[in-house]
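Okay, structure first, notes after.
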């Protein structure tokens with residue numbers, strides 16, 4: 001029970017962050033994450049932002065924008081989430097590709113960008129495949145979000161009984177290679 005409480009608190013904190021992002025970005029059709037690359041001097045002055053930090057910030061901002069719509073627009077939540085996620089993935093991919101193609105970048109920055117790009121592709125493949133499998137198992141719609149420490153499974157359904165929830169959790173954790181206590185399962189009707 002204590003772990004469920006921790007997961008619930010983590011979700012509430014994430015939703016609070018999501019709400020702030022939504023207020024800033026949800027209706028901006030030209031939403032572009034301004035992840036300009038800082039000069040070495042700016043990096044030194046600011047403590048050195050990394051490629052991973054930039055990608056995670058974009059992900060957090062995008063999650064914020066989409067998750068705020070769960071309560072107010074459940075019918076379009078799944079469609080809107082996928083559109084925003086695709087946009088975020090495209091922006092992150094472009095950022096990493098630009099770093100890889102920038103001749104002025106050192107090998108360390110390029111290696112970090114390559115690693116981040118490979119991780120982005122891996123996470124995208126796992127998220128997409130889990131959603132595809134579960135939709136194939138007759139769930140009308142599903143969103144799976146795999147973050148560093150917390151993963152969310154959102155199922156379009158009025159409710160799930162404990163048996164369904166356990167089966168979903170078991171499958172997702174096994175397929176994604178994540179710990180059961182890092183996954184929270186929710187429903188949106």
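Out of region 150-173, which residues are assigned to a loop (DSSP other than H, G, I, E, B) and free of Cβ contacts under 8 Å to residues at least 40 places away in the same chain?
Hits for region 150-173 are 157, 158, 159, 160, 161.
Is it the case that region 154-163 has a residue that's crowded, with 16+ Cβ neighbours inside 10 Å, under 15 Å from the mean Cα position of the chain (by Cα) and at negative phi?
Within region 154-163 (the criterion being crowded, with 16+ Cβ neighbours inside 10 Å, under 15 Å from the mean Cα position of the chain (by Cα) and at negative phi), the answer is yes, since at least one residue qualifies.
What is the residue count in region 60-92 for residues that are in contact with a helix residue (DSSP H, G or I) (Cβ under 8 Å, 6 or more places away or on another chain), more than 20 Å from residue 119 (Cβ to Cβ), modelled with pLDDT under 60 and in a helix (DSSP H, G or I)?
Residues flagged as in contact with a helix residue (DSSP H, G or I) (Cβ under 8 Å, 6 or more places away or on another chain), more than 20 Å from residue 119 (Cβ to Cβ), modelled with pLDDT under 60 and in a helix (DSSP H, G or I) within region 60-92 amount to 6.
Restricting to region 146-173, count the residues that are closer than 24 Å to residue 89 by Cα and either in contact with a strand residue (DSSP E or B) (Cβ under 9 Å, 6 or more places away or on another chain) or modelled with pLDDT of 95 or more (or both).
Here the count works out to 10.
Based on what the data block shows, is residue 128 in a helix (DSSP H, G or I), modelled with pLDDT under 95 and under 18 Å from the mean Cα position of the chain (by Cα)?
no
The values are calculated or read from the model by the stated rules, or taken from the named source; none is laboratory data. Since the model is a prediction, treat every value here as computed from it, not as a measurement. No Cβ is skipped: glycine too gets one built from the backbone with ideal geometry, and neighbour counts run over all protein chains shown.
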